[in-house]
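Visitor: Before we start, here is the structure in question, set down as C-alpha cells.
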Amino acid sequence: MEHIFIINPSAGRGRAGKLIPLIQEALEGREYSYQIYTTQAAGDAERYVKEVCAKGDAVRFYVCGGDGSLHEAVNGARGYSNVEIGLFPVGTGNDFVRNFGKKEMFLDVLSQVQGDAFPCDAILLNDRYVVNMANIGFDCEVVVGANGWKKKPFIGGPAAYLLGILSEFAKPMGKRMSFRWEDGTTLTGKFLLCTLANGSFCGGGFCSSPKASLSDGLMDVGVVRMIPRRKFIGILPKYKAGTYLETKLAEEKVLYEKCSRLEIAAAEETNISIDGEIKQFTYLKAEMVPNAFRFIVPKEREEKK
C-alpha cells in the first residue's frame with residue numbers, strides 16, 4: 001500500500017510544511033512506500049486524490065492541513081473503495097479530530113501509518129460531502145469573521161474565533177429559512193443559527209452537537225430560534241462545553257433532533273460554512289451517507305522515556 005502525504009502549505013501559517021522533514025525522518029529506512037505531495041491552490045488536493053484513486057491501487061492519504069483540506073480529500077475519494085484517509089490537524093479549527101480524543105496522537109507520523117481505518121458517515125449536501133459539519137447563521141458568520149482576523153499578525157486559531165464571535169454581536173443577527181424534514185414536518189421563520197452535524201465540534205472546539213456520532217447513519221440537526229443578545233452571551237460557555245441542551249433556554253429556543261434527510265430554503269442568498277469553508281446557498285438538500293469514507297485513527301504508542 002502506498003502512503004501519500006498531502007501538504008497544504010498555507011495551512012496553519014506554514015505549520016503543514018514543517019511536517020515534511022518529520023515525515024522523512026520517521027519513514028526513511030522503514031518498509032513503508034511513501035510520497036509527499038504539496039498542493040498548489042485551493043481544490044488541488046481534491047483533484048490529486050481523485051486522480052490517484054482512479055488508478056485502482058490501494059492507497060492511504062494523510063492530509064496535512066485543516067478540516068477544509070480533509071473535506072477536499074474525502075470528496076476526491078468519493079466513490080472509490082481502495083482508499084483510506086488520515087489527517088494531521090495543523091489548520092485553524094481542527095475540529096474533526098476532536099471526535100477521537102487526543103489531538104497529539106494525530107501529529108505522530110508512525111502512529112498515523114500504523115493506525116487502523118474505520119468507516120465514517122458523511123452528509124451529502126446537494127452534490128458535496130460534508131465530513132464534519134455545516135453551519136448557517138451565527139456560527140457561520142463567526143467563521144467568516146475569524147477568516148479575516150487570522151490573516152492579521154499574531155492572531156491564531158482560537159483567538160481568531162473569539163474575535164469573530166465578538167464582532168458578530170455588533171451586527172444584525174438572524175436568517176429567514178424554511179425547513180422540511182423527511183416525515184413532512186416543516187418549520188419556517190427567522191433563526192439565529194442552524195447546524196447540520198456529522199461530528200460534534202465546530203469553531204475551534206465548540207461542542208455544538210453533543211449527541212452526534214460519526215457512525216450512526218444520522219445527522220444531528222440543531223435549529224436555534226432568535227435569542228436576545230444578553231441571554232445568548234450568557235449561554236455561550238455551555239454552548240462551547242456541549243451542555244447547553246440541558247438549560248431551560250434551550251428547551252424554549254432550540255430544536256435538536258436526528259434525521260437522515262432534510263431540505264432547507266433561505267429567503268435570500270445566505271452564507272454557509274461547510275467544514276470551515278464558506279459557500280452561499282438558497283436551497284439545500286441534505287442526506288446522510290453511511291460508511292462514506294474510511295478514516296485513519298492513529299495507533300497510540302507508549303511515550304518515550
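The values are calculated or read from the model by the stated rules, or taken from the named source; none is laboratory data. Bear in mind that the values here come from a model prediction, so they are computed numbers and not experimental data. Cβ atoms come from the backbone with ideal geometry, glycine included; neighbour counts cover every protein chain shown. The area values use the complete protein model at the heavy-atom level, side chains included, leaving out ligands, DNA and RNA. Shrake-Rupley method; radii C 1.70, N 1.55, O 1.52, S 1.80 Å.
Visitor: Which of the numbered conditions does ILE155 fail, given that it passes all the others? Conditions: (1) modelled with pLDDT of 80 or more; (2) assigned to a loop (DSSP other than H, G, I, E, B).
Guide: Looking at each condition in turn, ILE155 falls short on (1).
Visitor: Would you check which residues across the range 95-141 are touching a Leu at 6+ places or on another chain (Cβ under 7 Å) and at positive phi and list them?
Guide: ASN126, GLY137
Visitor: Ok, one more. Working only within the range 28-55, note down all residues that are over 23 Å from the mean Cα position of the chain (by Cα), at pLDDT below 95 and either surrounded by 12 or more Cβ atoms within 10 Å (Cβ to Cβ) or on the phi > 0 side of the Ramachandran plot (or both).
Guide: Listed by number, the residues that qualify are GLY29, TYR32.
To keep it simple, each residue is scored yes or no on (1) touching a Lys or Arg at 6+ places or on another chain (Cβ under 7 Å); (2) within 16 Å of GLY93 (Cα to Cα).
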{"site": "SER111", "(1), (2)": "yes, no"}
{"site": "ASP121", "(1), (2)": "no, no"}
{"site": "LEU124", "(1), (2)": "no, no"}
{"site": "ASN132", "(1), (2)": "no, yes"}
{"site": "ASN135", "(1), (2)": "no, yes"}
{"site": "VAL143", "(1), (2)": "no, yes"}
{"site": "ALA146", "(1), (2)": "no, yes"}
{"site": "PRO153", "(1), (2)": "no, no"}
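Visitor: Then there is this: Can you find, within the range 2-18, the residue that is nearest to GLU46 (Cα to Cα) among those that are among the charged types (D, E, K, R) and over 21 Å from the mean Cα position of the chain (by Cα)? Don't jump to the end; show me each part of the working.
Guide: Here is the first cut: in the range 2-18, the ones among the charged types (D, E, K, R) are 2, 13, 15, 18.
Adding the requirement that they be over 21 Å from the mean Cα position of the chain (by Cα) leaves 2, 18.
Details: GLU2: 18, LYS18: 22 Å.
Out of the qualifying residues, it is GLU2.
Visitor: Being free of Cβ contacts under 8 Å to residues at least 40 places away in the same chain, assigned to a loop (DSSP other than H, G, I, E, B) and among the small types (Gly, Ala, Ser): is that true of ALA170 here?
Guide: yes
Visitor: Restricting to helices (runs of 4 or more DSSP H) lying wholly in the range 62-152: which have 2 or more residues that are open to solvent by 50 Å² or more (accessible area, probe 1.4 Å) and not hydroxyl-bearing (Ser, Thr, Tyr)? If you could, list the steps in order and put the result at the bottom.
Guide: Details: elements: 67-76, 109-113, 138-149.
Of the helices (runs of 4 or more DSSP H) lying wholly inside the range 62-152, those with at least 2 residues that are open to solvent by 50 Å² or more (accessible area, probe 1.4 Å) and not hydroxyl-bearing (Ser, Thr, Tyr) span 138-149.
Visitor: Which number in (1) in contact with a helix residue (DSSP H, G or I) (Cβ under 6 Å, 6 or more places away or on another chain); (2) under 26 Å from VAL289 (Cβ atoms); (3) open to solvent by less than 10 Å² (accessible area, probe 1.4 Å) marks the one condition that ALA197 misses?
Guide: Failing condition for ALA197: (1).
Visitor: In the range 25-70, how many residues are of a type in the set (S, T, N, Q) and over 21 Å from PRO298 (Cα atoms)? It would help to see each step written out before you state the result.
Guide: Pass one, the range 25-70, residues of a type in the set (S, T, N, Q): 33, 35, 38-40, 69.
With over 21 Å from PRO298 (Cα atoms) added as a condition, the list becomes 38-40.
Of the residues in the range 25-70, 3 are of a type in the set (S, T, N, Q) and over 21 Å from PRO298 (Cα atoms).
Visitor: Moving to a separate point now. How many residues does the range 1-49 contain that are in a helix (DSSP H, G or I), touching a residue at least 60 places away in the same chain (Cβ under 8 Å) and either in contact with a strand residue (DSSP E or B) (Cβ under 9 Å, 6 or more places away or on another chain) or of a type in the set (Ser, Thr, Tyr) (or both)?
Guide: Counting residues in the range 1-49 that are in a helix (DSSP H, G or I), touching a residue at least 60 places away in the same chain (Cβ under 8 Å) and either in contact with a strand residue (DSSP E or B) (Cβ under 9 Å, 6 or more places away or on another chain) or of a type in the set (Ser, Thr, Tyr) (or both) gives 5.
Visitor: Next up: Please verify whether SER10 is of a type in the set (Gly, Ala, Ser), closer than 12 Å to VAL113 by Cβ, surrounded by fewer than 18 Cβ atoms within 10 Å (Cβ to Cβ) and out of contact with any Ser or Thr (no Cβ under 8 Å at 6 or more places or on another chain), treating the condition exactly as stated. Before you say what the answer is, go through the steps one by one.
Guide: Working: of a type in the set (Gly, Ala, Ser): yes; closer than 12 Å to VAL113 by Cβ: no; surrounded by fewer than 18 Cβ atoms within 10 Å (Cβ to Cβ): yes; out of contact with any Ser or Thr (no Cβ under 8 Å at 6 or more places or on another chain): yes.
Answer is no for this residue.
Visitor: Mind counting the residues in the range 267-304 that are of a type in the set (A, V, I, L, M), in contact with a Lys or Arg (Cβ under 6 Å, 6 or more places away or on another chain) and either surrounded by fewer than 18 Cβ atoms within 10 Å (Cβ to Cβ) or not in a strand (DSSP E or B) (or both)?
Guide: Our first condition is that a residue be of a type in the set (A, V, I, L, M); within the range 267-304, this holds for 267, 272, 274, 278, 284, 286, 288-289, 292, 296-297.
Among the residues that remain, those that are also in contact with a Lys or Arg (Cβ under 6 Å, 6 or more places away or on another chain) are: 267, 272.
Within this subset, residues satisfying the condition of being either surrounded by fewer than 18 Cβ atoms within 10 Å (Cβ to Cβ) or not in a strand (DSSP E or B) (or both) are 267.
Selection size over the range 267-304: 1.
Visitor: What is the residue count in the range 196-249 for residues that are part of a helix (DSSP H, G or I) and farther than 28 Å from ARG261 by Cβ? First the steps, then the outcome.
Guide: Going residue by residue through the range 196-249, those that are part of a helix (DSSP H, G or I) are 229-241, 244-246, 248-249.
Filter again for farther than 28 Å from ARG261 by Cβ, leaving 229-238, 240-241, 248-249.
Qualifying residue count for the region: 14.
Visitor: Yes or no: the range 253-265 includes at least one residue that is assigned to a helix (DSSP H, G or I) and in contact with a helix residue (DSSP H, G or I) (Cβ under 9 Å, 6 or more places away or on another chain). Reasoning before the result, please.
Guide: Kept after step one, since they are assigned to a helix (DSSP H, G or I), are these residues of the range 253-265: 253.
Among the residues that remain, those that are also in contact with a helix residue (DSSP H, G or I) (Cβ under 9 Å, 6 or more places away or on another chain) are: 253.
Checked the range 253-265: at least one residue is assigned to a helix (DSSP H, G or I) and in contact with a helix residue (DSSP H, G or I) (Cβ under 9 Å, 6 or more places away or on another chain).
Visitor: Taking only the range 237-266 into account, find how many residues are open to solvent by 80 Å² or more (accessible area, probe 1.4 Å) and more than 21 Å from CYS207 (Cα to Cα).
Guide: Count: 1.
Visitor: Continuing with the same structure: Could you identify the single residue in PHE179, PHE191 that is among the aromatic types (Phe, Trp, Tyr) and free of Cβ contacts under 8 Å to residues at least 60 places away in the same chain? Give the steps one after another, and end with the answer.
Guide: On the way: PHE179 fails: free of Cβ contacts under 8 Å to residues at least 60 places away in the same chain.
Going through PHE179, PHE191 in turn, the sole match is PHE191.
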